[in-house]
Amino acid sequence: MKHIKTLNTASLKKSAEKGGCGECQASCQSACKTSCTVANQTCEK
Amino acid sequence: MIHKYRLNGYNIIMDVNSGAVHVTDDVTFDMVGDDGGVSMPDMEEQRRKYAGKYTEAQMDEAAGEIAQLVQSGALFSEDYYAGFAAKAISSPIKSMCLHIAHDCNLVCDYCFAAKGDFGHGRCLMSARIGKKAIDFLIEKSANRRNLEVDFFGGEPLMNFGVVKEIVEYARSLEKEHNKNFRFTITTNGVLLNDDIIDYINGQMSNIVLSIDGRPEINDRFRKTAGGRGSYDLIIDKYKKLVSKRVGDYYVRGTFTRENLDFSEDVLHLWSCGFDQISVEPVVTSPELDYSLREEDIPAICEEYEKLAKIIIEMKQKGERINFFHFNIDLDGGPCIIKRLKGCGCGNEYVAVTPEGDIYPCHQFVGMEEWKMGSLEDGSFDNDKKQLFAANHVLSKEKCSDCWAKFYCSGGCSANNVQYMGDIRKPHEISCALEKKRVECAVMIKAALS
């Protein structure tokens, strides 16, 4: 594309298909302790 | 829904439901319509609106590319997630904060733990309670394999023998129960020595080292009982620990109204040799002089922007620096289920006090009305657990239409209670800062792409 650069794939909907395993970090506890930011956590898969 | 913003010379369009992020030129940025738009605007109307600003050819091309993205599900994508509420059920508990010591060898003025004892008197956790907590976690974790246990306080190194006993006990049960314990510890560093450094470097998957940044900033709040600043007591110990460390760590500071120029603290910590840095807004009573107020939001946002630009320059020079709140993985981050559920507080995650009392998280400890149970008498309030399970981002009125809902996932229940009196009402200052951090994090990705 000439006018638009897309930085990533549109993957959120797809992530529901195999998501929800529950093995990822559950809270802010092991990093910041006061302000949970879910999107900066990593997926276990 | 889209969120569009300009920052540091970049035009960024985020498609909320698909997670796609686009960087565009000016004509596309204008033609795509308003921030918050939920469907492609009438392009004929847009052409008329911008007729004097862009050529017909430019607008034709931009409209064509916008239409392509809509077609591919990467712009104005559908909200597929409304049905999620019915699936917001209680989950296994797989994460635990152990309050090893409700006692502390520092008396930091801003401490949310009331100088270490959470307002309930000084007390150390026994190995017996710690082992009961591990048993509880194994039982409640059902088929979850990865279990997180954070050693917290007060100051956990004041009771380090019990930390080691608990680690050994949990490790002895891993194989039998098919569990993988990930231990972490949060320390003020005062009691670190070579033996402790080697032990925690060997056993902890993450270590959080508390320090606020520049010496005068750290020592303003982080003092010994005698009033001495702690910076000189800890800095060399942290350097030694990190020099020997292979795994994750964070040097973690707090900023208050008194250091809204906190990017200087991030840079100071980096100049000391630390490249994993977290500096966070203070959580404290709004009446206190150093608490963050609504009128501080513009200055804090400006500081986040300044820090983002500095980080871009550093990374372009090949320097290593990771600021926790700018972490974002646009392709491999959490799945949508996790993003909808948000923090596991009170559902997947609990905190245990030295007395064996169970709370939704470490920040709820001491709020009697939120106590969930006790390891001593075996009680556990499943109704409270369900309350937290149902507290997902779509259940919060102010979150459900917010562009940042799949990034912050509804924020921090403890902050919501402390400032708003309700786990479902997001704290407005926290929201404003979180949105700015996400915008900065995405902009950094755009700049480095």
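Over chain B, what is the relative contact order in whole percent, taking alpha-carbon pairs under 8 Å and six or more residues apart? Relative contact order comes out at 15 percent.
Shape class for the stretch B:122-168, computed from the alpha carbon gyration tensor (a ≥ b ≥ c): prolate, with a/c not under 1.5 and a/b above b/c.
Annotation: aspartates and glutamates with alpha-carbon distance below 15 angstrom to residue B:94 (same-chain offsets under eight excluded): A:23, A:44, B:135, B:139, B:148, B:150, B:174, B:348. For the peptides B:184-193, B:423-432, the ranking by packing is B:184-193, B:423-432, with the highest mean count of neighbouring Cβ atoms within 10 Å listed first.
Both radii are taken from the alpha-carbon atoms of the stretch B:333-397; with Rh as the Kirkwood radius, Rg/Rh is 1.03. Chains A and B: buried accessible surface, both sides, probe 1.4 Å, rounded to 100 Å²? So the buried area, both faces added, is about 4900 Å².
With Cα atoms as the point set, the radius of gyration and Dmax of the stretch B:1-151 evaluate to 26.6, 76 Å.
Once you divide the Cα radius of gyration of the protein assembly as shown by 2.2 N^0.38 Å, the number left is 1.00.
The gain in end-to-end length when the residue B:245 to residue B:135 segment is fully stretched comes to 36.6 nm, 0.36 nm per residue minus the alpha carbon separation. The slack in the chain from residue B:87 to residue B:425, taken as 0.36 nm per residue of separation less the alpha-carbon distance, amounts to 119.6 nm.
Per residue, the protein assembly as shown exposes an accessible area of 39 Å² to a 1.4 Å probe, with every protein chain left in place. For a test of the definition: using alpha carbon positions, the gyration tensor, and the 1.5 limit on a/c, classify the stretch B:384-434 as rounded, prolate or oblate. The shape class here is oblate. Residue B:392 contributes an accessible area of around 10 Å² to the protein surface, as traced by a 1.4 Å probe with all chains present.
DSSP beta bridges confined to the stretch B:146-297 are antiparallel in about 5 percent of cases. Loop-located trypsin sites (Lys or Arg not before Pro) in the stretch B:280-384 (DSSP state not H, G, I, E or B) with no more than 10 neighbouring Cβ atoms inside 10 Å: B:293, B:317, B:320. Just so you know, the averaged projected area of the alpha carbon convex hull for the stretch B:50-92 sits at 5.2 nm². Under the combined filter of DSSP loop state and at most 11 neighbouring Cβ atoms within 10 Å, the stretch B:1-87 retains these trypsin sites (Lys or Arg not before Pro): B:53. The DSSP beta bridges internal to chain B are antiparallel in roughly 35% of cases. By the Kirkwood approach, averaging reciprocal distances over each pair of separate Cα atoms, the stretch B:99-142 gets a hydrodynamic radius of 11.8 Å. What's the whole-number percent of alpha carbon pairs in chain B lying beyond 39 angstrom? Of all Cα-Cα distances in chain B, 25 percent exceed 39 Å. Normalising the Debye intensity of the stretch B:175-248 to I(0), with uniform scatterers on Cα atoms only, and taking log10 at q = 0.14 Å⁻¹ returns -0.50.
Here each label is just a point 7 Å from Cα along the line to Cβ, and for residue B:176 and residue B:67 those points are 6.8 nm apart.
Annotation: lysines with alpha-carbon distance below 25 angstrom to residue B:398 (same-chain offsets under eight excluded): A:13, A:33, B:4, B:87, B:338, B:341, B:384, B:385, B:425, B:435, B:436. Between the stretch B:104-157 and the stretch B:244-283, how far is it from one alpha carbon centroid to the other, in angstrom? Cα centres, the stretch B:104-157 to the stretch B:244-283: 23 Å. Applying the criteria of a DSSP loop state and at most 13 other Cβ atoms within 10 Å to the GluC sites (Glu not before Pro) of the stretch B:59-92 yields B:78. Computed across the stretch B:227-354, the Kirkwood radius stands at 17.3 Å (inverse of mean 1/r, all Cα pairs).
When the solvent-accessible area of the protein assembly as shown is split by element, carbon and sulfur atoms take up 48 percent of it, the probe being 1.4 Å. Taking the alpha-carbon distance from residue B:240 and a cut-off under 19 Å, which aspartates and glutamates remain once sequence neighbours fewer than 8 residues away in the same chain are dropped? Candidates past the 8-residue exclusion: B:194, B:195, B:198, B:212, B:232, B:248, B:275.
The stretch B:67-193 has equivalent-ellipsoid semi-axes of 38, 22, 14 Å, by the square roots of 5 times the alpha carbon gyration tensor eigenvalues, sorted largest first.
Just the number, please: percent antiparallel of the DSSP beta bridges in the protein assembly as shown, rounded to the nearest 5. The antiparallel proportion sits near 40 percent.
Here residue B:440 sits with roughly 0 square angstrom of accessible surface, probe radius 1.4 Å. For the residues B:295, A:44, a 1.4 Å probe over the protein chains yields an accessible-area ranking, largest first, of B:295, A:44. May I ask for the net charge around residue B:33, where only other residues with Cβ less than 11 Å from the Cβ of residue B:33 are counted and Lys, Arg are +1 while Asp, Glu are -1? Result for the neighbourhood of residue B:33: -3.
The values are calculated or read from the model by the stated rules, or taken from the named source; none is laboratory data. Predicted model only: the values in this text are computed from it and were never measured. Virtual Cβ from ideal backbone geometry, glycine too; neighbours counted across all protein chains shown. Only protein heavy atoms, including side chains, enter the accessible area calculation; ligands, DNA and RNA are left aside. Shrake-Rupley method; radii C 1.70, N 1.55, O 1.52, S 1.80 Å.
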